[in-house]
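The values are calculated or read from the model by the stated rules, or taken from the named source; none is laboratory data. Everything numeric here is computed off the predicted structure, so don't read it as measured data. Virtual Cβ from ideal backbone geometry, glycine too; neighbours counted across all protein chains shown.
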Amino acid sequence: MQIAERMSRLGSESAFEVLARAKALEAQGKSVINLGIGQPDFPTPPHVVEAGIKALRDGHHGYTPANGILPLREAVCAEIARRYKKTVSPEQIVIVPGGKVTMATAIMMFGEPGAEIMYPDPGFPIYESLVNFTGARLAGYPLLEKNGFAFRADDLLSRITPQTRLLIVNSPANPTGGVAPAAEVKKLVEGLQRFPHVAIMADEIYSRLVLDGAGDYASFIPYLDQLQDRLIILEGWSKTYAMTGWRLGWGLWPQNLAELATKLAINTHSCVNAATQYAGIAALEGPQDAVENMRQAFRRRRDLCVAGLNKIEGISCIKPEGAFYAFPNITRTGLTARQMQDRLLEEAGVATIAGTSFGRHGEGYLRLSFAASDEAIAEALERIKAFLAGNRPKQ
Ligand code: PLP
C-alpha cells in the first residue's frame, strides 16, 4: 500500500487533540476545565432548531443544488445588503459544510508547487496545513503583540512576490482575538491595486463577534468593487449562531470562481444537508437577540479573563477586540508554550492551546477560549495561578 506523499504534509488542529486528552483525563476521574476548544458554549437559538426539525418533517431530505438552496443564498445576499450595503448575486454565494470548506476550496484553487500563499502566523492552523498540502510555498506573515496582533498593510504589501497568488487575512482573528483597524484594511485594499495578480480570502467568520460594538472593525465586503474578480469572503453560522456542529458556512466568490468552487463541491460533499440549510435561513431572517446576548456575554467574560490573567505573576495579556480568545504572553514564566499547555492540562486540569499550534510566531503565548462560564473561567485562572506559584523559574 502506498499513500500519496502529500498526505504527510497535512497538519492538524491541536484543539481537537487537546479535547481528546481532556476527555481521557475526565474519564479517569480528573477534573478538567476546558478553555481549549473554540466554540460558543450557548445552545443554537430555539427558532433555528425548530426550522431544522420542520424542514425534515416537511420532507426536505434529498440532495440540494451543490451551491445551496436558492432561498438560503438569497437570504445571504439580503444579509450582505443589510450589513454592508452591497448588492451581490445568489450565483456568487456557495453554501458549504462549515466555513472551513471555503478555506479548503480557495487554497486548493490557487495552491500548487511554484505558487505562494500568504497567511497569518499565529493564525488558524488549517491555513498552513492546506497550503503545505497543495505544495505551494508557505508564506506565513507574523502578527505581533505590539500591533494588537493585527496585520499592518505595509508589511503585507512588502511581502508580495510575483508568485503570490492568494493572500489570506482573518479579522477578528483566531487565535489572538486581534481586529485589523479599519484604516489598515483600507490601506491594504489601496495597496493591492498595484498587485492585480493576487486574490484575497478574508476569513470573517467572527465578524459578528467584535466585542466592543462595531469599534474599529472593517469587513472587506465594502471593497468588492476595488477588489473586483479577486475577493473571496469566508463566513458562516458556526460562531454567530452557536451552530458549529450543524456544519454550515457561506462563501462569497467572484462569479467565475463560484462555478469552480461548486465543481469542487460536486466532487467532494455534493451539498450541505437540506435541513441545516433551512435552519440557516431561519438564523439569518429571524430575531438576532441571541447573537447580541452572546456578544455581550463574551465581552464580559473577556474582561474577567484578561483582568484575571494580568494579576498572575509571569503572565500579561492584551485585550482581544474580537472572537472569544485571549492570547496571553507567558514568556516570563520560563516555560515554552507547549510545556505550559501540557503541564496545565496534566497538572492543573486546565485545557488551553499552545501558541505554537498556530505557527512559530505563537511561541511564548497560550490560547484560552473564554467561551466558558464565568465560574469556569475564574476557577481556571485560580488553577493557573496556583500552578505557576509552585513553578517559579529558578533565578
Ligand atoms: N476560520 C476561523 C478563523 C476559525 O477559527 C474557524 C473555526 O474555528 C473556522 C474558520 C471554521 O469554522 P467552521 O466550524 O464553520 O468550519
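Quick rundown of the values:
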item: Residue in segment 316-367 that is nearest to Leu25 (Cα to Cα), counting only those that are of a type in the set (Asp, Glu) and assigned to a helix (DSSP H, G or I); result: Glu346
item: Count - residues of segment 237-261 that are under 10 Å from Val96 (Cβ atoms) and either more than 8 Å from the ligand (Cβ to nearest atom) or surrounded by fewer than 21 Cβ atoms within 10 Å (Cβ to Cβ) (or both); result: 4
item: Some residue of segment 350-367 being touching a Leu at 6+ places or on another chain (Cβ under 6 Å), in the same structural domain as Gly29 (by TED's automatic domain parsing), more than 27 Å from Ala180 (Cα to Cα) and surrounded by 24 or more Cβ atoms within 10 Å (Cβ to Cβ); result: yes
item: Some residue of segment 44-64 being within 16 Å of the ligand (Cβ to nearest atom), at pLDDT 95 or above and in contact with a strand residue (DSSP E or B) (Cβ under 9 Å, 6 or more places away or on another chain); result: no
item: Scope segment 85-107; condition over 14 Å from Ala66 (Cα atoms), away from the ligand (no atom under 14 Å from the Cβ) and surrounded by 18 or more Cβ atoms within 10 Å (Cβ to Cβ); matching residues; result: Val88
item: Matching entry among Arg152, Arg82 (being within 27 Å of Leu284 (Cα to Cα) and either of a type outside the set (Asp, Glu) or not assigned by TED's automatic domain parsing to the domain that holds Lys263 (or both)); result: Arg82
item: Filter result for the condition that a residue is touching a residue at least 24 places away in the same chain (Cβ under 8 Å), in contact with a Cys (Cβ under 9 Å, 6 or more places away or on another chain) and crowded, with 19+ Cβ neighbours inside 10 Å, over Ala371, Ala282, Ala290, Ala326; result: Ala326
item: Residue list for segment 113-137, restricted to those being more than 19 Å from the chain's Cα centre (by Cα), not in a loop (DSSP other than H, G, I, E, B) and not β-branched (Val, Ile, Thr); result: Glu116, Phe133, Arg137
item: Qualifying position, being of a type in the set (D, E, K, R), over 18 Å from Thr87 (Cα atoms) and exposed (fewer than 15 other Cβ atoms within 10 Å of the Cβ), among Asp229, Asp212, Asp225; result: Asp212
item: Segment 182-209: number of residues that are basic (Lys, Arg) and loosely packed, with under 15 Cβ neighbours inside 10 Å; result: 1
item: Sole residue being more than 16 Å from the ligand (Cβ to nearest atom) and part of a loop (DSSP other than H, G, I, E, B), chosen from Gly29, Gly68; result: Gly29
item: Qualifying positions in segment 211-236 - more than 14 Å from the ligand (Cβ to nearest atom) and among the hydrophobic types (A, V, I, L, M, F, W, C); result: Leu211, Ala214, Ala218, Phe220, Ile221, Leu224, Leu227, Leu231
item: Filter result for Leu72 (in contact with a Phe, Trp or Tyr (Cβ under 8 Å, 6 or more places away or on another chain) and aliphatic (A, V, I, L, M)); result: yes
item: In segment 339-374, the residues that are charged (D, E, K, R) and under 25 Å from Glu321 (Cβ atoms); result: Arg360, Glu363, Arg367, Asp374
item: Leading residue by the ranking (farthest from the ligand (Cβ to nearest atom)) among those in segment 108-126 that are touching a residue at least 60 places away in the same chain (Cβ under 8 Å) and aromatic (Phe, Trp, Tyr); result: Phe110
item: Filtered residue count, segment 143-175, keeping only those that are assigned to a loop (DSSP other than H, G, I, E, B) and within 16 Å of the ligand (Cβ to nearest atom); result: 9
